[in-house]
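Values quoted throughout were computed directly from the atomic coordinates according to the rules given, and no laboratory measurement underlies them. The shown structure was predicted, so the numbers you read here are calculated from the model rather than taken from an experiment. A quick note on method: Cβ atoms are made from the backbone with ideal geometry, for glycine too, and the neighbour counts reach across all protein chains shown.
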Amino acid sequence: MKNIKVLAIETSCDETAAAIVQNGREVLSSIISTQINLHEKYGGVVPEIASRMHVEKINLVIKEALEAAHVTLDEIDVIGVTYGPGLVGALLVGVVAAKSIAFAKNKPLVGVHHIEGHIAANYISHPDLEPPFLCLVVSGGHTHLVNVESYTQYEIIGRTRDDAAGEAYDKVARAIGLSYPGGPKIDKLAKEGNKEAIKFPRAMMDEGYDFSFSGVKSAVLNHVNGAKMKGEEINQADIAAAFQSSVVDVLVGKTMALAKERHLTKVALAGGVASNQGLREAMEAVCTQNHMKLYYPDQILCTDNAAMIGCAAYYEYLKGSRAGMNLNAVPNLPLGKK
């Protein structure tokens, strides 16, 4: 069987990324140009800045990915690109680049859902992993419980009704004086704090499989504001530990309940928050107790990257998915059965 090389492009938020992936799971190169330093002073991603930086970086990143993999565009078999969800201006840069290459070189084009890419990152880190399995997708923009039925079929069973878990992390981090991105900083600081020192709510624990994190975020803000009004010192580490404990309890509790209900023995994590050590350790413990196997991607594959898009594009390509030159960015693209 012929080796299939995918040139993958990812520009959904503030990382300009390109990768060459062979046969879905072998990463020949993965280049990521991050913009964290640019957005840090604003406390979050500024869409206009993100789009402009993608325009500046996209051609250089694609060229570097090809050179690192020692392949030319003529040796590429498929062009894969994230077309949603994400920031519309940012997505458009990647989509236009991918369409241009596909048209110029007469290569098949495959549009990839960003969340599908995050789930597929697990296939790169775990060559033995095959569907079906349950995946908890946790990032700055998404919190989903997804039944992965096949390499290209997904059933979303639970989703956040307000803030995503990663979004809540960033907002709480800002409230207690930590810089953007706040998630990794809270995870690190939580190790030094007492999670029992403050009681923050655990929302919707007994109400199906949807999530809500606006309540715990508001509880932290109220605690911080109350302490400031009374002139009391704020213990950053205790707040971080108590907040993380609240979020992790909900994520782990709902994931385990659903895995048992569906009789699934494989559980995976995906998305930026999947690199959170507190979440990984708690999920590992309950999976071991319940004789389930836990999977999560390598650290570099948790945050936005093009290797995961190349993996997802490969399986979509095998299924027969093809995009035309009318492919457009879809900022609120839903994930589901196709």
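Across the stretch 132-297, the relative contact order, built from alpha-carbon pairs under 8 Å that are at least six residues apart, equals 27 percent.
3J(HN,Hα) along the stretch 222-227: 5, 5, 5, 5, x, 5 Hz, from the Karplus curve 6.51 cos²θ - 1.76 cosθ + 1.60 with θ = phi - 60°, whole Hz, x for Gly and Pro.
Compactness of the stretch 125-237 was expressed as the Cα radius of gyration divided by 2.2 N^0.38 Å, which yields 1.28.
Among the GluC sites (Glu not before Pro) in the stretch 210-283, those placed in a DSSP loop whose Cβ has at most 13 other Cβ atoms within 10 Å are GLU232, GLU233. With θ taken as phi - 60° and the Karplus curve 6.51 cos²θ - 1.76 cosθ + 1.60 applied, the whole-hertz 3J(HN,Hα) list for the stretch 168-179 is 5, 4, 5, 5, 5, 4, 4, 5, 9, x, 9, 7 Hz, x standing for glycine and proline. Charging the Cβ of each Asp and Glu at -1 and of each Lys and Arg at +1, and nothing else, the dipole of the chain about its Cα centre rounds to 380 debye.
Each of ARG280, ARG322 was scored by other Cβ atoms within 10 Å of its Cβ. Arranged with the fewest first, they read ARG322, ARG280. Across the chain, Cα pairs under 8 Å and at least six residues apart give a relative contact order of 26 percent. Note that the stretch 194-203 has calculated 3J(HN,Hα) couplings of 9, 5, 8, 5, 9, 9, 9, x, 10, 7 Hz, one per residue in order, obtained from phi through the Karplus relation 6.51 cos²θ - 1.76 cosθ + 1.60 (θ = phi - 60°); glycine and proline are x. Of all DSSP beta bridges located in the chain, what percent are antiparallel, nearest 5? Antiparallel bridges: around 60 percent, rounded to the nearest 5.
Restricting attention to the stretch 132-297, the count of lysine pairs at 8 or more positions apart or across chains with alpha carbons under 17 Å apart stands at 13. Near PHE211, the amide H atoms lying under 5 Å from its own belong to ARG159, THR160, ARG161; only residues 5 or more places off or on other chains count, and H is placed 1.01 Å from N.
Residues MET229, MET1, arranged from fewest to most other Cβ atoms within 10 angstrom of their Cβ, appear as MET1, MET229. For the stretch 132-297, the share of DSSP beta bridges that are antiparallel, to the nearest 5, is 60%.
Arranged from highest to lowest average of other beta-carbon atoms within 10 Å per residue, in what order do the peptides 127-136, 106-115 appear?
106-115, 127-136
In plain terms, the residue of VAL61, VAL88, VAL247, VAL81 with the fewest other Cβ atoms within 10 Å comes first and the most crowded comes last, giving VAL88, VAL61, VAL247, VAL81.
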